[in-house]
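Taking it in order: structure first as structure tokens, then the write-up.
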Amino acid sequence: MNILTLYGLPDSAADDFAEHPDWHVISKAAFTSAQAESIDVILGWDAVGAELIAGPNHVKFVQAMSAGVDYLPLTQFQQQGIQLANTSGIHAEPIAESTLAMILAFARGLVPAARQWDNEARRPSMWLPAGKTAVIFGTGHIGRAIARRLNQQGMTVWGISRHGNAAEGFAKVGTDEQAASFAENADVLINVMPLTGATQHFFNAGFFNGLKQAPLFVNVGRGQTVDTVALRNALHAGRLSGAALDVFEQEPLPGTDSLWQEPCVLITPHISGTVPHLREAVYQIFKPNLEALAATGQIVKNRVDLTAGY
């Protein structure tokens, strides 16, 4: 089995590969186009991978380095019978902690940043999470991790998902079609939706115009699920009390974008999912998939439904 590594393996992989002499690693630096038709597995993704599968190839499995896979040619994978695994789960705890930090920053008056001694002006807008209602859009690994954190703060947590099935940590879960009714009286809205055809600009003018409580909006999902113009308009119209944004339709967010100047917008540069020792965390998904692929031809961990997009 020939494995093209577009992303480096951890040091711990050396012993495992020594035990599998039929697992041949080809680094990106060593790869040549003459080897394209011999590659069975790709770790990571970039232009090299895209060029490889555009021609005759033998690829059976691609291991993505991210939870979201909207940037990958899913239709092409489906047509060629290429299995795909994501890294869903490994980013859940860091994103949950970042989300809680963002919420607390707004609740406790850390946003907007103080430029003068304005304590009496600032106090009326401060609040406590306990007793507030949060709606999390996405009830997978990340959504459930966030729900646990918010439950610990005494918040009531509702969820929205495509299927509407009950999920741990959520007082109730609705479908995408119920999103407006769940959101209209919420205090905090948190987006962790994947980007699919159904979620593109899910948060649009119609959605924001239906809000009644001027909630805080947190986006740690995908930038293109939010219509940025509609978001700006909602902030200016008082439909939102603030926004904590880690992802954007255009990344990096241009320095000229007016979001940088909004006093009640907290911006982080797509870092909420940062995981210490990422290579090792990915390898804990990649290794069992390699073993299963060699034994049965099928991967067993974090397999992406190519039709659904996650």
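The values are calculated or read from the model by the stated rules, or taken from the named source; none is laboratory data. Just so it is clear, the structure is predicted and the values come from calculations on it, not from any experiment. For neighbour counting, all protein chains shown are included, and Cβ atoms are generated from backbone atoms with ideal geometry for every residue, glycine included. The area values use the complete protein model at the heavy-atom level, side chains included, leaving out ligands, DNA and RNA. Shrake-Rupley method; radii C 1.70, N 1.55, O 1.52, S 1.80 Å.
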Any residue that is surrounded by 17 or more Cβ atoms within 10 Å (Cβ to Cβ), touching a Gly at 6+ places or on another chain (Cβ under 8 Å) and either under 20 Å from Leu245 (Cβ atoms) or among the hydrophobic types (A, V, I, L, M, F, W, C) (or both) - is there at least one of those in region 199-217?
yes
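Given the condition without any contact (Cβ under 8 Å) to a residue 24 or more places away in the chain and among the charged types (D, E, K, R), answer yes or no: does some residue in region 287-300 qualify? Please lay out each step first, then the result.
So the first thing to find is which residues in region 287-300 are without any contact (Cβ under 8 Å) to a residue 24 or more places away in the chain, and the list is 288, 291-292, 295-296, 300.
Remaining after also requiring among the charged types (D, E, K, R): 291.
For region 287-300, residues without any contact (Cβ under 8 Å) to a residue 24 or more places away in the chain and among the charged types (D, E, K, R): present.
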Among the listed residues Ile95, Ile103, which satisfies the condition of being in contact with an Asp or Glu (Cβ under 9 Å, 6 or more places away or on another chain) and among the β-branched types (Val, Ile, Thr)?
Ile95
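Quick one: which strands (runs of 3 or more DSSP E) sit completely within region 7-83 and have at least 1 residues that are open to solvent by 20 Å² or more (accessible area, probe 1.4 Å), farther than 20 Å from Leu306 by Cα and of a type outside the set (Asp, Glu)? Before you say what the answer is, go through the steps one by one.
On the way: elements: 24-27, 41-43, 61-63.
Where strands (runs of 3 or more DSSP E) fall fully within region 7-83 and carry at least 1 residues being open to solvent by 20 Å² or more (accessible area, probe 1.4 Å), farther than 20 Å from Leu306 by Cα and of a type outside the set (Asp, Glu), they are 24-27.
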Here are the criteria: (1) among the aromatic types (Phe, Trp, Tyr); (2) outside the structural domain of Asn204 (by the TED database); (3) open to solvent by 30 Å² or more (accessible area, probe 1.4 Å). Tell me which single one Trp260 does not satisfy.
(2)
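With Val229, Val192, Val188, Val247 as the choices, which residue is assigned by the TED database to the domain that holds Met126 and surrounded by fewer than 15 Cβ atoms within 10 Å (Cβ to Cβ)? Give the derivation first.
Values: Val192 fails: surrounded by fewer than 15 Cβ atoms within 10 Å (Cβ to Cβ); Val188 fails: surrounded by fewer than 15 Cβ atoms within 10 Å (Cβ to Cβ); Val247 fails: surrounded by fewer than 15 Cβ atoms within 10 Å (Cβ to Cβ).
The conditions single out Val229.
Say whether the condition of being in contact (Cβ under 8 Å) with a residue 40 or more places away in the chain and of a type in the set (Val, Ile, Thr) is met by at least one residue in region 241-253.
Taking region 241-253 as the starting set, the residues that turn out to be in contact (Cβ under 8 Å) with a residue 40 or more places away in the chain are 241-242, 244, 246.
The next check asks that each one be of a type in the set (Val, Ile, Thr); those that pass are none.
No - not one qualifying residue is present in region 241-253.
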